[in-house]
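The values are calculated or read from the model by the stated rules, or taken from the named source; none is laboratory data. Because the structure is predicted, anything quoted here is derived from the model rather than measured. Neighbour counts run over all protein chains shown; Cβ positions are idealised from the backbone, glycine included.
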Amino acid sequence: MPQLLERSEVLLVKLILLVPVGLLVLTVAGMFWRTTSPVEPGVAVSQPISFSHKHHVGDDGIDCRYCHTTVETSASAGMPATGICLSCHSQLFRDAPALAPLHESMQSGKPIAWNRVYDLPDFVFFNHSIHVNKGVACVSCHGRVDQMPVLVRRQAPDMQWCLDCHRDPSGRIVPLDHITAMGSFPALSDAQAERLVQSLRLEDSRRLTDCSTCHR
Amino acid sequence: MRRVVAPAINTTMPAGVDGGRRRMLKLMAASAALAGSGCSQPPAEKIRPYVNMPEGMAPGDPVFYATTLLHEGHGVGVLVETESGRPVKIEGNPIHPASLGAADAQSQAAILTLWDPERSRIVMHGAQPSTWSALLDSLSTQLREEAGTQGKGLRLLSGPVSSPTLLAQIGEVLARFPGASWHVHDPAGCDAAAQVARRLFGRPVRPVYRLDRARTVLSVDADLFGPSADGVRNAHDFMQARRGEPRARMLALESTPGLCGAIADLRVALSPADMEAALDAVASRLGVPAAVSPQETEARPAWLDSVCAQLRSTPGACVVAPGHSLSPRAHLMAWRINAHLGNLGQTIIPTAQQLPTEPRLALQSAGAEAAGTGAAGIGTSGVSPGTLNELVDAMRDGAVRTLIMLDVNPVYDSPGALDFAGALSKIPFSVHMGLYRDETAHACDWHIPMAHELEAWSDARSIDGTASLIQPVIAPLYGGRSPHEVMDMLADTRTAGAHERVRAFWRNLWDMEDAHDFEQRWDEALRRGVIDGEPAGPALNLDARALAAQVPEEIEPAPEEGELLAVFVNDSGIVAGRHANNAWLQELPRPYTKITWDNAALLSPGTARRHALRNGDVVSLSSTDASAKLLAPIWIVPGQADGVVILPLGFGRRHAGAKAQGRGFDAYVLQDTRNGAARRCLPLCLQPADQRHALAVTQHEMGLAGREPVRIVSLQSSNADVRGSAAQPSLYPPREYDSHAWGMTVDLDACIGCNACAIACQAENNIPVVGPEEIARGRTMHWMRIDLYHEGDGGRTQFQPMACQHCENAPCEVVCPVGATMHDSEGLNVQVYNRCVGTRFCSNNCPYKVRHFNFFDYADHDPSAAAHANPDVTVRQRGVMEKCTYCVQRISHARIEAQKQGRTIRDGEVVTACEATCPTQAIVFGDTADPHSRVSRSKASPRNYTVLAELNTRPRTSYLARIVDREAAPEDGDG
């Protein structure tokens, strides 16, 4: 039986057959790219003012709640209003060029547009206040911001990461007076950790892993 | 609009596939390439904190403001929920007497009108965009001319006005121009009732019903619970009386099924002409002086005896409420019957409408008022407004040179016979102010965009006279102006805008020298949403002799052979056309017809048979002298009176916005006036037109089909237990709950079918509007739908709010291949949007058909839709199933608050959106695991049952059976 196709033609057919496969790979890659956050873990995000958590938290020892005022009462931790920044910076480093946007904001009445670092999908409803009130320390999600000159997200906030803690909160929570502490946590024995869980009246893991706890 | 365009794409798809294998492969390759390259990453988000944080504000936490919305000029108190400064939801104000915590569909839908991008944005001079200052110049020139003639050629036309400040301003304008006059046009109101009340009392008066004190209510075609300034209050009060002992009764004579008839113990379908005769008969049997005894040729119907006996047995505790369709004569007869039975001052409080005091009188009486009565603007004599008819007569005579119209649209919504547009074209200088550039705006020289009630300062009085402030919850989105500013221009008073004007009025009225005291009282009024210590209008007494002295007018001529009686009714969604561009109200199924986005001429089955008509047949309706004509599709309504055509008003808009334009027919064309009043009822001729019109209807089958979705118990029967037998065996896994177990009951005896819950749900849960084409395909999105059932043809009707039943043995859960619908630990049947892949198996397996699928990206992505969305609820995308969640976001909120305080959730802390807004408290939600919760007590009632219990789905939503008072209705009543 004579060959239907020349050798070069066979190659062409093979190449053509490869096109759908290539398209599929492209599609998957595209979808993956589409669903990932613009901010990758470990990548610094530029901000209108080069704000250093390391300086404010680590060097100056300012409590998280001084700026993130509603973290204990509201779903949102609250970004500091220009007025809060100026409560110190109306005196300190007044003429620093880096703070020009701050004074401009106060004069024009226009807010400073910070770039979001932690961005959850719109179908997830995270509430800061309940986590903070139940012993989840700031550092457990946001990392050692006292060592970050530029804020960097440690890991992707994916569902598995949330569930790790929701399935077994014991050992991951801290006494309420250490909520904003960065490094110095008291070492708890197993019994003490168990007592902490009881005193904080955490809901059982069945409730904590219900879909309706985070998705509405 | 995206949703209208989207189906068209769908219809082109088969052509491509039919083109053959090659084309198919091309399409596949193209779509694969598109999927890979056409997408984008989620946008990088910005965070914009406040420059100076307002006190007590936290981003993401809602702030509620008490304000007032206007229904035909009268105030209804509401609480507006704002999220970061954006108004997103409206709830009732429990302190305000016209709301008592509930809000009707129209009040709640005001949010959508506020954000409507089609609202008017710029001052228009004819067809040309202009500016506010150009208008000011032009107007002041015109007014200077008018001032030369004492304002003889100046006329002011507004809707009904209850705002004390606006009334005072009208008084100022009339003082500056003594020759001018003020006219009021109220298309949704009842001219006949107003005419009679004015003749009886010598001034505009409205009857305020106190149905909570009533034992018997006779509604004669009255829409007591419909969309109006007192509908919510009436519904609340009547249900309170009905839960009392002895149970209050509703007797309804109706031309077409209405909300009163749905809950009536005795219901009779009558044409308005027969109702007048019935009222005469009731009056003569009760021995009302000066009653005309009708010739009783026919056999006396048993229901008439029953009605008379029940009214007679409850003197001073009954109400005879006449409706819009009745003639002035019948309204007068109703006043006489009520006076004879001693109802005035008891269940009916005649309340004087506030009028602008004439400035000279106001100066004299200012001292007396401050010292004594203190009643704001309640002068014994005031400037009574003229009617639209008088205005049109003056316009025809050429007496009007300047016409200012505030928030009215008479070119569209005045009777066709009046030809307002023709009269308006003769006016040299006309100004229109309104939310939309509507029909009247197009016919005027100038148009001013008006600020929405939620955008501007003002004040208002409710029907019973309670004063309240209107405070803006957002700055004007589209540059609208307040009517107070226009009135200040007319009166030539210079003030710093509406805020200062309203404050100045109240500061003056309260006569408070001390600024601190005033600020305190002002803040208190704003915070509470009512002004305390402001007496309601004085109760008026009706002199019995004055009542008898009124000569009854001639009876309306009965329609001749071959003619039908047309009754013009307010649409239950868009009322008289004011809400026409509101998509929520357009898509709200009308209670009895379930028609959306359209109106139809409603006929009884008998009348339709006589003319050989089916649903959707188009007929030609013409006035008896053939001067006016229109084409309208018909819809057959069981339980309607024979020989009556119901024509809902408010549709057929020519200029209103994309959602209203061209929908339905304009019934005003056929409307006529008599003795200066717009007629709500007149004879007309009907001819089949050999056309069909497709109406978008949400419920096609209303029979019970041998099942018992709605159940009835007899008040008299001792054996009134409809509870099912013990639990049946089941293959579903048993479920245990150690904390809360949420559940709901719906009291069918209290449900009036008003649709308030459906809109509350839509606003709370970001439910998109899908448009008539999608509705016609059965793709409704309302999580809360109000089913209607007829018991036999034209027999008793029953509404049934139907949302996800949250079954314990949920058939939807077992068929979902991806676990997108799950049971949670508190018994909720949750829908997880991010898991859903859109197989629609769950919807197929749901026996209650309460799941709704996003066939397209229904959720608008325009900025205004995003602005009023509830940030606590996911906006669903295409391909996702959705349904009632029991307002899981509200449960979450309550749980988090309780957890933070280290306690459990209290009973009544979680209130679902539908429960919160129900005017009759028919819906109760709570924890069934707590035996003392309201819902547990409700479920313990012998009337408690579940729908389709035989399927053993064990729903968490149960219903309380309707109670039927068999003693109220003799055998021949429909009731």
task = Would you check if there is a residue in the range A:177-193 being touching a Lys or Arg at 6+ places or on another chain (Cβ under 8 Å), at pLDDT below 90, of a type in the set (A, V, I, L, M) and part of a loop (DSSP other than H, G, I, E, B)?
result = yes
ask   = Of all the residues that make up the range B:86-128, how many are surrounded by fewer than 17 Cβ atoms within 10 Å (Cβ to Cβ) and farther than 25 Å from B:ASN582 by Cα?
value = 4
task = Run B:GLY926 past the list (1) under 21 Å from A:LEU208 (Cβ atoms); (2) part of a strand (DSSP E or B) and report the number of the one that doesn't hold.
result = (1)
task = Specify the residue that is surrounded by the most Cβ atoms within 10 Å (Cβ to Cβ); the eligible residues are those in the range A:175-208 that are within 14 Å of another protein chain (Cβ to nearest Cβ) and polar (S, T, N, Q).
result = A:SER205
key: Test set (1) within 16 Å of B:SER158 (Cβ to Cβ); (2) over 30 Å from the mean Cα position of the chain (by Cα) - B:GLU500 fails condition number   = (1)
query = Any chance the range A:80-99 includes a residue that's under 19 Å from the mean Cα position of the chain (by Cα), within 14 Å of another protein chain (Cβ to nearest Cβ) and surrounded by 15 or more Cβ atoms within 10 Å (Cβ to Cβ)?
reply = yes
query = Any chance the range B:880-892 includes a residue that's surrounded by fewer than 18 Cβ atoms within 10 Å (Cβ to Cβ) and away from chain A (no Cβ under 12 Å)?
reply = no
query = Would you call B:VAL911 within 24 Å of the chain's Cα centre (by Cα), more than 14 Å from chain A (Cβ to nearest Cβ) and part of a loop (DSSP other than H, G, I, E, B)?
reply = yes
note = Only one of B:ALA601, B:ALA626 is in the same structural domain as B:LEU684 (by TED's automatic domain parsing) and either closer than 18 Å to B:ALA269 by Cβ or in contact with a strand residue (DSSP E or B) (Cβ under 6 Å, 6 or more places away or on another chain) (or both), namely B:ALA601
query = Name the residues in the range A:52-69 that are assigned to a loop (DSSP other than H, G, I, E, B) and more than 17 Å from the chain's Cα centre (by Cα), would you?
reply = A:ASP60, A:GLY61, A:ILE62, A:ASP63, A:THR69
message = Within the range B:172-238, considering only strands (runs of 3 or more DSSP E) that don't extend past its boundaries, which have at least 1 residues that are not assigned by TED's automatic domain parsing to the domain that holds B:PHE420?
response = B:205-209, B:216-220
key: Breaking point among (1) surrounded by 16 or more Cβ atoms within 10 Å (Cβ to Cβ); (2) more than 25 Å from the chain's Cα centre (by Cα); (3) among the hydrophobic types (A, V, I, L, M, F, W, C); (4) away from chain A (no Cβ under 14 Å), for B:ALA727   = (1)
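Taking the stated definitions as given, is B:ALA929 of a type outside the set (S, T, N, Q), over 29 Å from the mean Cα position of the chain (by Cα) and more than 20 Å from B:HIS852 (Cβ to Cβ)?
So B:ALA929 fits the description; yes.
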query = Could you give every pair whose Cβ atoms fall below 7 Å, whose first residue belongs to the range B:21-41 and is more than 9 Å from chain A (Cβ to nearest Cβ), and whose second residue is exposed (fewer than 12 other Cβ atoms within 10 Å of the Cβ) and modelled with pLDDT under 65, counting only separations of at least 6 or pairs across chains?
reply = B:MET24/B:VAL17
task = List the number of the failed condition for B:PRO942; all other conditions in (1) surrounded by 18 or more Cβ atoms within 10 Å (Cβ to Cβ); (2) away from every other protein chain (no Cβ under 13 Å) hold.
result = (1)
query = Quick one: in the range A:100-148, which of the residues that are in a loop (DSSP other than H, G, I, E, B) and without any contact (Cβ under 8 Å) to a residue 24 or more places away in the chain is surrounded by the most Cβ atoms within 10 Å (Cβ to Cβ)?
reply = A:GLY143
ask   = Being on the phi > 0 side of the Ramachandran plot, surrounded by fewer than 21 Cβ atoms within 10 Å (Cβ to Cβ) and of a type outside the set (A, V, I, L, M, F, W, C), is that true of even one residue in the range B:271-287?
value = yes
ask   = If B:SER864 passes every condition in (1) outside any loop (DSSP other than H, G, I, E, B); (2) surrounded by 22 or more Cβ atoms within 10 Å (Cβ to Cβ); (3) of a type outside the set (Lys, Arg); (4) within 29 Å of the chain's Cα centre (by Cα) but one, which one does it miss?
value = (2)
ask   = When the range B:100-118 is examined, which residues are found to be within 20 Å of the chain's Cα centre (by Cα) and part of a loop (DSSP other than H, G, I, E, B)?
value = B:LEU100, B:GLY101, B:ALA102, B:ALA103, B:ASP104, B:TRP115, B:ASP116
request  = For B:ASP212, work out the one condition from (1) at negative phi; (2) buried (at least 22 other Cβ atoms within 10 Å of the Cβ) it doesn't fulfil.
outcome  = (2)
